[in-house]
Amino acid sequence: MNVEKLTCFHFRNYETMSFSFTPKCIHFLYGKNAQGKTNLIEAIYFLSHLRSFRTNQLDSMIMHGCKEFCVQATVESNHRKEELKVIVDHQKKHLFRFQNPVKKYSDFIGIENAILFCPDDLSLFTSSPKNRRRFIDMELMKLSKTYTVTLSSYQKILKQRNQALKQSKVDECLVQIYLDQMIDVQKIIMKQRNEFLNSLMIKARELYPFFSNEKEYIDAKYITFIDLDGDMKEAYAKVFEKEKKYHQTLIGIHRDDILFELNGKPVCEVASQGQKRSFVLALKLGLAQIIYEKSGQYPILLLDDVFSELDNLRKRQLIEKLPNDMQIFITTTERLNMHWNREVRFYDIEQGRIKEVYK
Ligand SMILES: Nc1ncnc2c1ncn2[C@@H]1O[C@H](COP(=O)(O)OP(=O)(O)OP(=O)(O)O)[C@@H](O)[C@H]1O
């Protein structure tokens, strides 16, 4: 998959920008601090996920003093062109495919499939379970439309059940009906999350040694309070009094977590920054392999500020590990004077403007 052309209008510090990129090529986006390198990557990411990796506030992406932004791309996917456009105004997203409005997010997310690695990703191990669930959910949503639909129906039922638990006199019968519905949906989601995590870890374990000099074993476990093969109703019966007291559903896939381990110990407790980076890189590239096997094409890879902490040997090792068919964008503040054994292009980014630099 490749972004062939990207257009930004009033997006962050890009007033109007339209630029064509080369398929299957590494694009080095060079610039001093605060010039718009990450903003450009954010625009590509936004078209893929319909959210930013930096903020939950849609408004903060609108250029200061403006009322809306637009991000548009021509994407090549399995030799077919896609025209994608998102306009954001008044906290709302308007989606278009070939200029036709798209109503459902599930019909848009993942058409342009991008994977990001950024320094903040290291917090995957230390941040809240919500972020780890989101990591899995976002990727599954891009891979499977059914997952998106199932997850959103779970969220709808969960909302209704919580609403029922909030009443001064709880209608236990109604709460039970919602629970029965939740259990069925939950089984499907848990199964898909588990399968996805297992296949991701198989790939990540193969890749990890390329980024780490040590012989280490990485693993990930899906943590849930519910036994998928056991009696789910019994698990809920045990916490029902507590649920009435706290007016909310206390167990379920909305509370599950993933425990990442290094040599059998939680990553958050034992891993160095370098080990965490190697782990995340292995996860992200493992993900790219899974996407390739499922769709026959690699996703677009966005590497934000990855190079700053790597020596030249590691930089080379990382680049050599990246599939030749993959279109890649790498932000950097240093001009790289190295020989690469594949097609690379260099761009200068300055105050929201981009220009290609010919060597
Ligand atoms: N909504 C906005 N409107 C206008 N400018 C914005 C907006 N949001 C951010 N900016 C500007 O964008 C610039 C930051 O761009 P970006 O985060 O892409 O930097 P960068 O080139 O990646 O820098 P670094 O190397 O420091 O990470 C800053 O100058 C910031 O003030």
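Is it true that F69 is under 22 Å from M326 (Cβ atoms) and within 15 Å of the ligand (Cβ to nearest atom)?
Working: under 22 Å from M326 (Cβ atoms): no; within 15 Å of the ligand (Cβ to nearest atom): yes.
When the stated conditions are applied, F69 does not pass them.
Of these, V170, V185, which one is outside any helix (DSSP H, G or I) and either of a type in the set (S, T, Y) or assigned by TED's automatic domain parsing to the domain that holds F135 (or both)? Write out each step before concluding.
Values: V185 fails: outside any helix (DSSP H, G or I).
Sole residue among the options that is outside any helix (DSSP H, G or I) and either of a type in the set (S, T, Y) or assigned by TED's automatic domain parsing to the domain that holds F135 (or both): V170.
In this structure, is E82 surrounded by 14 or more Cβ atoms within 10 Å (Cβ to Cβ), acidic (D, E), within 25 Å of T331 (Cβ to Cβ) and within 13 Å of the ligand (Cβ to nearest atom)? Step through it out loud before you land on a result.
Working: surrounded by 14 or more Cβ atoms within 10 Å (Cβ to Cβ): yes; acidic (D, E): yes; within 25 Å of T331 (Cβ to Cβ): yes; within 13 Å of the ligand (Cβ to nearest atom): no.
In short, no.
Yes/no per residue for (1) more than 15 Å from the chain's Cα centre (by Cα); (2) in a strand (DSSP E or B):
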residue: V71; (1), (2): yes, yes
residue: V75; (1), (2): yes, yes
residue: E83; (1), (2): yes, yes
residue: L95; (1), (2): yes, yes
residue: E112; (1), (2): no, no
residue: I115; (1), (2): no, yes
residue: D137; (1), (2): no, no
residue: M141; (1), (2): no, no
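Output yes when any residue across the stretch 314-322 is in a loop (DSSP other than H, G, I, E, B) and not assigned by TED's automatic domain parsing to the domain that holds E206, and no when none is.
Pass one, the stretch 314-322, residues in a loop (DSSP other than H, G, I, E, B): 322.
Add one more test, that the residue is not assigned by TED's automatic domain parsing to the domain that holds E206, and what stays is 322.
Yes: the stretch 314-322 contains one or more residues that are in a loop (DSSP other than H, G, I, E, B) and not assigned by TED's automatic domain parsing to the domain that holds E206.
Quick one: would you say G352 is buried (at least 18 other Cβ atoms within 10 Å of the Cβ) and small (G, A, S)?
On the way: buried (at least 18 other Cβ atoms within 10 Å of the Cβ): yes; small (G, A, S): yes.
The answer is yes for G352.
Taking S20, is it under 21 Å from the mean Cα position of the chain (by Cα) and away from the ligand (no atom under 15 Å from the Cβ)?
Details: under 21 Å from the mean Cα position of the chain (by Cα): no; away from the ligand (no atom under 15 Å from the Cβ): yes.
No.
Is it fair to say Y178 is assigned to a helix (DSSP H, G or I) and farther than 24 Å from F53 by Cα?
Working: assigned to a helix (DSSP H, G or I): yes; farther than 24 Å from F53 by Cα: yes.
In short, yes.
Search the stretch 18-37 for residues being hydroxyl-bearing (S, T, Y) and farther than 20 Å from I319 by Cβ, and hand back the single one that is surrounded by the fewest Cβ atoms within 10 Å (Cβ to Cβ). Outline the logic, then answer.
First, pick out the residues of the stretch 18-37 that are hydroxyl-bearing (S, T, Y): 18, 20, 22, 30.
Imposing the further condition that a residue be farther than 20 Å from I319 by Cβ reduces the set to 18, 20.
Working: S18: 12, S20: 10.
Residue satisfying both the conditions and the ranking: S20.
Confirm whether S48 is buried (at least 16 other Cβ atoms within 10 Å of the Cβ), not acidic (D, E) and not assigned by TED's automatic domain parsing to the domain that holds N131. Explain how you work it out, then say what you get.
Working: buried (at least 16 other Cβ atoms within 10 Å of the Cβ): yes; not acidic (D, E): yes; not assigned by TED's automatic domain parsing to the domain that holds N131: yes.
Yes, satisfied.
For the stretch 321-359, give me each residue that is within 15 Å of the ligand (Cβ to nearest atom), modelled with pLDDT of 90 or more and either aliphatic (A, V, I, L, M) or at positive phi (or both).
I330, I349, Q351, G352, I354
Does any residue in the stretch 115-142 that is free of Cβ contacts under 8 Å to residues at least 60 places away in the same chain come within less than 8 Å, Cβ to Cβ, of a residue that is assigned to a loop (DSSP other than H, G, I, E, B) six or more places away or on a different chain, and which pairs are these?
Going by the 8 Å Cβ cut-off, the qualifying pairs are M141/I109; M141/G110.
Pick out the one residue from I189, I177, I183, I157 that is closer than 20 Å to I291 by Cα and out of contact with any strand residue (DSSP E or B) (no Cβ under 7 Å at 6 or more places or on another chain). If you could, list the steps in order and put the result at the bottom.
On the way: I177 fails: closer than 20 Å to I291 by Cα; I183 fails: closer than 20 Å to I291 by Cα; I157 fails: closer than 20 Å to I291 by Cα.
The conditions single out I189.
Can you run down the residue pairs with Cβ atoms below 9 Å, 6 or more apart or on separate chains, where the first is in the stretch 31-54 and closer than 13 Å to F329 by Cβ and the partner is assigned to a helix (DSSP H, G or I) and more than 7 Å from the ligand (Cβ to nearest atom)?
S48/K142
Residues being buried (at least 20 other Cβ atoms within 10 Å of the Cβ) and either of a type in the set (A, V, I, L, M, F, W, C) or at positive phi (or both): count how many of those fall in the stretch 292-303. Lay out the reasoning, then the answer.
Quick first cut of the stretch 292-303, residues buried (at least 20 other Cβ atoms within 10 Å of the Cβ) only: 298-303.
Those left that are additionally either of a type in the set (A, V, I, L, M, F, W, C) or at positive phi (or both): 300-303.
Counting residues in the stretch 292-303 that are buried (at least 20 other Cβ atoms within 10 Å of the Cβ) and either of a type in the set (A, V, I, L, M, F, W, C) or at positive phi (or both) gives 4.
Take the conditions surrounded by fewer than 16 Cβ atoms within 10 Å (Cβ to Cβ), among the basic types (K, R) and at pLDDT below 95 and apply them to K104. Does it pass?
Values: surrounded by fewer than 16 Cβ atoms within 10 Å (Cβ to Cβ): yes; among the basic types (K, R): yes; at pLDDT below 95: yes.
In short, yes.
For the stretch 36-58, enumerate the residues that are outside any helix (DSSP H, G or I), more than 12 Å from the ligand (Cβ to nearest atom) and at negative phi. Let's see the steps before the verdict.
Taking the stretch 36-58 as the starting set, the residues that turn out to be outside any helix (DSSP H, G or I) are 36, 50-57.
From what's left, more than 12 Å from the ligand (Cβ to nearest atom): 50-51, 56.
Of everything in the stretch 36-58, those that are outside any helix (DSSP H, G or I), more than 12 Å from the ligand (Cβ to nearest atom) and at negative phi turn out to be R51, N56.
Taking G274 as meeting all but one of (1) buried (at least 20 other Cβ atoms within 10 Å of the Cβ); (2) modelled with pLDDT under 90, write down the number of the exception.
Of (1) buried (at least 20 other Cβ atoms within 10 Å of the Cβ); (2) modelled with pLDDT under 90, only one is false for G274: (1).
If you go through the stretch 304-318, how many residues are surrounded by 17 or more Cβ atoms within 10 Å (Cβ to Cβ) and more than 21 Å from the chain's Cα centre (by Cα)?
Filtering the stretch 304-318 for residues surrounded by 17 or more Cβ atoms within 10 Å (Cβ to Cβ) gives 304-307, 314-315, 318.
Applying the additional criterion that residues be more than 21 Å from the chain's Cα centre (by Cα) yields 314-315.
Counting residues in the stretch 304-318 that are surrounded by 17 or more Cβ atoms within 10 Å (Cβ to Cβ) and more than 21 Å from the chain's Cα centre (by Cα) gives 2.
The values are calculated or read from the model by the stated rules, or taken from the named source; none is laboratory data. Note that the structure is a prediction, hence the values are computed from the model and not measured. Heads up, the Cβs are rebuilt from the backbone with ideal geometry, glycines too, and the neighbour counts pull from every protein chain shown.
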